[in-house]
Structure formats: structure tokens, C-alpha cells
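These notes are about the structure you will find just below.
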Amino acid sequence: MQNTKPGLTLLSEALDIAFSEVPVHRDVEDRFLTDCYGAVLRQDVTARVSVPSVDNSAMDGYALRFADLAAINGPVDVVGTSLAGHPYEGILPDRCAIRIATGAAIPDGADCVIIQENVSANAAETCIEISSDVIARTVLHQNIRWAGEDISQGDIVLKAGAILRPQDVAIAAGQGYGSLKVSRPLRVAVFSTGDELAKPGDPLPPGGIYDSNRFAMIGMLRETGCVVTDLGLLADDFDVLRNALQDAANSHDVVMTSGGVSVGKADLLKPVVDQLGEITAWKLAIKPGKPLMRGKIGDCLVIGLPGNPVSVLVSGLLYVMPLLRHVMGADKSQTVPVRMPVRAGFEFSRGTGRREWLRARLIQNDDGEFEAEAFASTSSGMLSSMVWAEGLVEIPEDCGKVSKGDVVLYLPLRGLQ
């Protein structure tokens, strides 16, 4: 059993529970291909045509009958041309060749292609000479791509639940699809709380700090394909928060905030959500980011992130973004972050009980191998550490010490976004 602090939930368990309790969004829309990048596919894409559609040449060269090669002793007549979209009509005559372009259909009777660099052609390309060495190296079906070799008609080329990448959209286009069925973007309202916060661009009051968390949340949400409503800064006032949350919940799928979810006197988000709806999850066994709330007001999902900027980013990348992708219908495999085993280039010790993520990046050691370098501080208030970092090193709940050279798991930030 994992060594977890009492009252805290493991991240993996918290996500499993959230996936089981938060339903997948039902709204699906038909969207033009050029607007599908990053969207979640909600219907399998089936191949309408085989790729290649015909047997074709993998190279520019000359199509011949393999059985003729052994008897060639002199020039070979070139009796026609096969171009992509313009195939040679008829059957290849005995002991002749067809000039053929990459992607062009293999003429009837031909069963090998010799690349143009391996033959000598006259100026008019009406005949070629093939050396005995080239003939000896040529094999049956050389440089031929078979019909359906890549995709067969009826194959499922994209499965529902995929987060669409450029190559996914391209394969749909290659099958003649002009649009795809994808999830409607989630409508998410975002705000920050805290009387000490100031809006960037405004004068900074004594003892105040500029709000950065809201901009981190908006960026993560837009990376996930959400449509964001920015509600700005809200005061630490029960009635203000209650009215804002109720209005946002009536017109959005998700409300997401930072701050106000701990246990201080000014941490009002939890009691407000408790009054308007219900709290369904509270406190994770993670560092940074322990005070993380999930709740709901009617059908609206409410997520409260911690107030420290690093906690917002780490818990947002590892908990919120996977959950929202689930809500949009993404397959669970699409929500699991990439974890790469690498050597630690640092020493680290701590108390056990929470899964921790150190800000890190990969460097090459003297042997040319990549190892993880950790940021000098673990403070969750140092936003500069996330700018410096290119990934996170994951420390399991029961691990209290990392020595230089130990194998650790590295999560690239790009894979989380």
C-alpha cells in the first residue's frame, strides 16, 4: 500500500474517480477539417478508398517485366510513359520498358521498376541500356507499392476519442472527408480571487501582487480547446463570489478559479460552492497543489485550484487538463502524460506521503547521455521555475531520497500541454 498522508487522495485515484463521476459531454458538432486541429474526435473515421488506390511506383524510373531481364543483351525500347494520374494504356510488350514517375500506376505486365539513375538513356528517352550488374541486383517487385499497402478501404483510420493532430486531419483529408464529428468546445468561466491581487497594467498597491494565475489558467484551457470567458478578479467576499459563481454556472460547462480553496478565513470558495451545489473532491496527495477542489453547481463542473502559481500550473496540467479532455470524449490513453526514464543529475531528499514534481530539464552529461537537472528551489511560489523548466521529475509517494544517477521519471511539459 502507498504511503499516503491521511485525508489526501492519490492523483491516480482522484482522476479515476473524477472520470467515473463527471460525464462525457454529449454535444457533438460537424466541423470543417481546417478547424479540427486539437479537437476531440467523436466518431470513427473509416477509409473510403484504398491507399495506394492502384499498384504504383515508389521511384522515378523504368517499369519492366522481371522475366525479361535475364535475356536483355543490348538496348531496351521505351514504348510509353506512365505518370501519376495518367497511366500507360495497354499491356507492356515483351522486352520493352515504360518510363514511369513516382506514384504512377504500374503498367499491366510490368512487375519491377529500375530507378532512372541506374540506367543509361538516349537523348529522346526512346531506349535505355541496363548494365549486367544492375540486372543482377534487381529483384521481382522492386520499387513497387501495392494497392492498399498503406490503407485498405473499410479500415478504421482514426478512432473516436483521438485528440486530432495535423497528421490525423491529413489522413482524413486523404480519405475525402471535408468535415469531422468532434466535441463542442467546453465553455469555461475563469476568475482569480484575492484582495491582494492587482490587474496587470494597473498600479500595484502597497503589499499587492499582480495576478498571473488567471493567465496561466486561460492558456491551459485554450490549449485544451476550450472557449474561455475571463471574469477577471473577484473580491474575497462571500456574496460577490456566490453571485458570480451562480451566474457563471448558469451559462458555462465549467467554472475554474485559483485561490480561496485552502482553510484560511479569506478562503471562501469552498463554502460558496457548498451552499450553491456540492463538493465532490478535496485535497490531493500531491506537491505542489494539495488544496484542489472539484465540485458542481447544477450540471456545471467547478474546479478550484490553489493560489500559488506553480501549484496552479502543475495541478492544472496533471489533473484539470486530463479531466477536461475526458469530458470532451478523449480516450483515456490520450490523457495519460508521457513519462520517460532518465538518470537524475541531482540529489534530493524529503518527507514521504505525497507525490511530488520537481521542475526540471534535460542536459547532456560528459558521456553524452541526457540526465535530469532539477531547479534549485521547490517553492511553489517561484513562477520563474516553470519558465526555466522544460519538464517535471516525478517523485512517488513512498520515495524519500533521490541520489545522483538514480533512474527517475521525467514528464516533458510539451507532452502535458
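Values computed for the structure shown
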{"read-out": "With at most 15 other Cβ atoms within 10 Å, longest stretch of the chain clear of loop chymotrypsin sites (Phe, Trp or Tyr not before Pro) (DSSP)", "value": "147-417"}
{"read-out": "For region 56-215: accessible area per residue (Å², 1.4 Å)", "value": "51"}
{"read-out": "Spacing of the two label points (7 Å from each Cα toward its C-beta) at residue 204 and residue 155, in nm", "value": "5.7"}
{"read-out": "Average Cα contact separation per residue, the chain, under 8 Å, 6 or more apart, as relative contact order %", "value": "17"}
{"read-out": "Peptides ranked, highest mean first, by Cβ atoms within 10 Å: ranges 194-205, 161-172", "value": "161-172, 194-205"}
{"read-out": "Helical contribution to [θ] at 222 nm, DSSP H n ≥ 4, -39,500 (n - 2.57), averaged over the chain, rounded to 500", "value": "-5500 deg cm²/dmol"}
{"read-out": "Share of carbon and sulfur in the accessible heavy-atom surface of the chain [1.4 Å probe, %]", "value": "50"}
{"read-out": "Magnitude of the charge dipole, region 19-91, Cβ model with Lys/Arg +1 and Asp/Glu -1, debye to 20", "value": "80"}
{"read-out": "Spin-label pair residue 71/residue 367, simplified geometry with 7 Å Cα→Cβ offset, distance in nm", "value": "6.3"}
{"read-out": "Cα-based reach from residue 270 at 16 Å (exclusive), listing aspartates and glutamates while leaving out same-chain residues under 8 positions away", "value": "236, 237, 239, 278"}
{"read-out": "Exceeding the 30 Å Cα-Cα cut-off - candidates 290/401; 159/287; 290/332", "value": "159/287"}
{"read-out": "Amide H contacts under 5 Å for residue 194, placed H, 5+ residues apart", "value": "234, 236"}
{"read-out": "Probe 1.4 Å, protein heavy atoms only - accessible area per residue of region 282-417 in square angstrom", "value": "41"}
{"read-out": "Under-5 Å amide H pairs with residue 158, H placed in peptide plane, nonlocal only", "value": "45"}
{"read-out": "Cα-projected label distance for residue 60 with residue 30, points at 7 Å along beta-carbon direction, nm", "value": "4.2"}
{"read-out": "Average Cα contact separation per residue, region 357-398, under 8 Å, 6 or more apart, as relative contact order %", "value": "51"}
{"read-out": "Global form of region 279-348, assessed from the alpha-carbon gyration tensor, a/c cut-off 1.5", "value": "oblate"}
{"read-out": "Spatial separation of Cα centroids for region 132-176 and region 310-332, in angstrom", "value": "34"}
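The values are calculated or read from the model by the stated rules, or taken from the named source; none is laboratory data. Because the structure is predicted, anything quoted here is derived from the model rather than measured. A quick note on method: Cβ atoms are made from the backbone with ideal geometry, for glycine too, and the neighbour counts reach across all protein chains shown. We work out accessible area using only protein heavy atoms, side chains counted, and drop any ligands, DNA or RNA first. Shrake-Rupley method; radii C 1.70, N 1.55, O 1.52, S 1.80 Å.
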